[in-house]
Amino acid sequence: MSLYRDEGVVLRTHKLGEADRIITILTKRMGKVRGVAKGVRRTTSKFGARLEPFTHVDVQFHTGRSLDVITQAETIRPYGEALVTDYPRYTAGIAMLETADRLTVAEKEPALRQFLLLVGGLRTLAERAHEARLVLDAYFLRSLAVAGYAPALEACAKCRTPAVRAFAIVEGGVVCGGCRPPGAAVPAGETIALMAALMRGDWAGADASQSRHRSECSGLVAAYLQWHLEHGIRSLKHVEREQIQGESPSPVTTSVGRDPASYPA
Ligand SMILES: [Zn+2]
């Protein structure tokens, strides 16, 4: 297979040499692919703007010895255009790209559900029908669920008792009074109901929620995501060490790490 086509969302880019870039794309069929876009930083480049983060592109790759080379790129939907003018939506979008990148650890391992969740999340953000933090939290919860880290929200994560009292990140979700570890957060019942609504895509229920429950939900979801990214995906640290120099630092720690310290395990 020397030439192949796929569609995908550009997750990030970084400089390579004088004029090239390495483009990381979450594709529909092949999973995460890193490809070299040659001459893309020259003003005469024919596809430079199409290979920016957020863009849903149709791409042709030429298989290379180490990295594949991008030989064509056509824009399907430029989600970045709708997001750059709205800071909360832009930062939510950046957090989605970073999370999709971190939850798809292996390259060229199909991740269709993660791809569909990311495209759906970016489209919902760009449409502006729901508050950005609700869209982001729904994306976090569902992408974690696809990765195998769905939080328990209906019954105790340890003993399955339906009468729950607290949210314990290390136990994997809501817990009963008997299973509750010291220091577990005790969120409002409405906050847990909001998390469940976001998980199942009940937008009518989520849009009707109160601001204080949205804030509490965002804090819990961010802490839960952070914990799984740090503890659940150990092989990632190895991958990060091998990354090529010149990559821009990730902005996700500011957008995802919304005061997780206030929600101890
Ligand atoms: Zn229990």
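Taken residue by residue, segment 177-191 has at least one member that is basic (Lys, Arg) and more than 21 Å from the chain's Cα centre (by Cα). Looking at segment 172-195, is at least one residue closer than 25 Å to Leu118 by Cβ, charged (D, E, K, R) and at pLDDT 95 or above? No, that holds for no residue. Of the conditions (1) assigned to a helix (DSSP H, G or I); (2) surrounded by fewer than 14 Cβ atoms within 10 Å (Cβ to Cβ), Glu109 clears all except one; give me its number. Single failed check for Glu109: (1). With respect to the conditions (1) crowded, with 17+ Cβ neighbours inside 10 Å; (2) within 30 Å of Tyr4 (Cβ to Cβ); (3) without any contact (Cβ under 8 Å) to a residue 24 or more places away in the chain, Arg102 falls short on a single one, namely (3). If you go through segment 24-47 and keep only what is under 14 Å from Lys108 (Cα atoms) and hydrophobic (A, V, I, L, M, F, W, C), you end up with Ile25, Leu26, Met30, Val33. Of the residues making up segment 173-184, those that are within 14 Å of the ligand (Cβ to nearest atom) and either in contact (Cβ under 8 Å) with a residue 24 or more places away in the chain or at positive phi (or both) number 3. For Gly189, the conditions (1) in contact (Cβ under 8 Å) with a residue 24 or more places away in the chain; (2) away from the ligand (no atom under 16 Å from the Cβ) are fulfilled apart from (1).
Annotation: of all residues in segment 126-146 being over 27 Å from Pro110 (Cα atoms) and part of a helix (DSSP H, G or I), the one that is farthest from the ligand (Cβ to nearest atom) is Glu127.
Scanning segment 147-172 for residues that are loosely packed, with under 14 Cβ neighbours inside 10 Å and within 13 Å of the ligand (Cβ to nearest atom), we see that the one that is nearest to Asp101 (Cα to Cα) is Glu154.
The values are calculated or read from the model by the stated rules, or taken from the named source; none is laboratory data. Note that the structure is a prediction, hence the values are computed from the model and not measured. Neighbour counts are summed over all protein chains in view; Cβ atoms, including those assigned to glycine, are modelled from backbone coordinates with ideal geometry.
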